[in-house]
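Heads up: the structure comes next, in structure tokens.
The values are calculated or read from the model by the stated rules, or taken from the named source; none is laboratory data. What you see is a predicted model, and the numbers here were worked out from it, not measured in a lab. Heads up, the Cβs are rebuilt from the backbone with ideal geometry, glycines too, and the neighbour counts pull from every protein chain shown.
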Amino acid sequence: MDRPATSEEIAAMLGTNATVVRRTLAGLREAGLLSSTKGHGGGWSLSRPLTEISLLDLYSALGSPELFAIAPDEAQPACLLARAANAATNDALHAAREVFEERLKALTVAEIVRP
């Protein structure tokens with residue numbers, strides 16, 4: 001697109017509501033990835049080239065959502081087995097997150113966008 005895209009246009013592309021789009025894109029604007037222009041001819045545009053935006057930049061700007069819905073079981077803090085299992089689980093989740101974030105850091109949006 002050779003001009004800024006409106007929230008309504010982006011919402012139509014994504015099949016969602018323009019209000020949801022504006023909330024999400026506001027976070028990307030605050031992270032310096034997007035800029036917005038108000039008024040006639042306004043909309044959302046990239047603040048820097050796609051080659052300078054990593055997937056980690058996007059992931060971080062969107063709040064770094066949790067990768068796994070696994071939480072330590074704190075119901076039995078006196079149980080040695082539960083504590084050991086929690087520690088092992090936490091270590092594995094931390095290692096997985098590090099690998100995931102390194103992979104995202106290595107990829108730019110330009111590398112995954114297909115015209």
For segment 70-90, name all the residues that are surrounded by 13 or more Cβ atoms within 10 Å (Cβ to Cβ) and among the hydrophobic types (A, V, I, L, M, F, W, C). ALA82, ALA85
Could you grab the pairs with beta carbons closer than 8 Å, sequence gap of 6+ or different chains, first residue in segment 40-52 and at positive phi and assigned to a strand (DSSP E or B), second one surrounded by 13 or more Cβ atoms within 10 Å (Cβ to Cβ) and not β-branched (Val, Ile, Thr)? GLY43/PRO4; GLY43/ALA5; GLY43/SER7; GLY43/GLU9; GLY43/SER36
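In segment 9-48, which residues are under 22 Å from GLU102 (Cβ atoms) and exposed (fewer than 15 other Cβ atoms within 10 Å of the Cβ)?
Within segment 9-48, GLY32, ARG48 meet the criteria.
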Apart from one, (1) modelled with pLDDT of 95 or more; (2) out of contact with any Leu (no Cβ under 7 Å at 6 or more places or on another chain); (3) under 17 Å from LEU104 (Cα atoms) all hold for SER54; the odd one out is (2)
What residue, of LEU55, LEU107, is within 18 Å of the chain's Cα centre (by Cα), within 26 Å of ALA18 (Cβ to Cβ) and surrounded by 12 or more Cβ atoms within 10 Å (Cβ to Cβ)? LEU55
With the structure loaded, tell me whether GLU30 is among the acidic types (Asp, Glu) and closer than 27 Å to ASP2 by Cα or whether it fails that test. yes
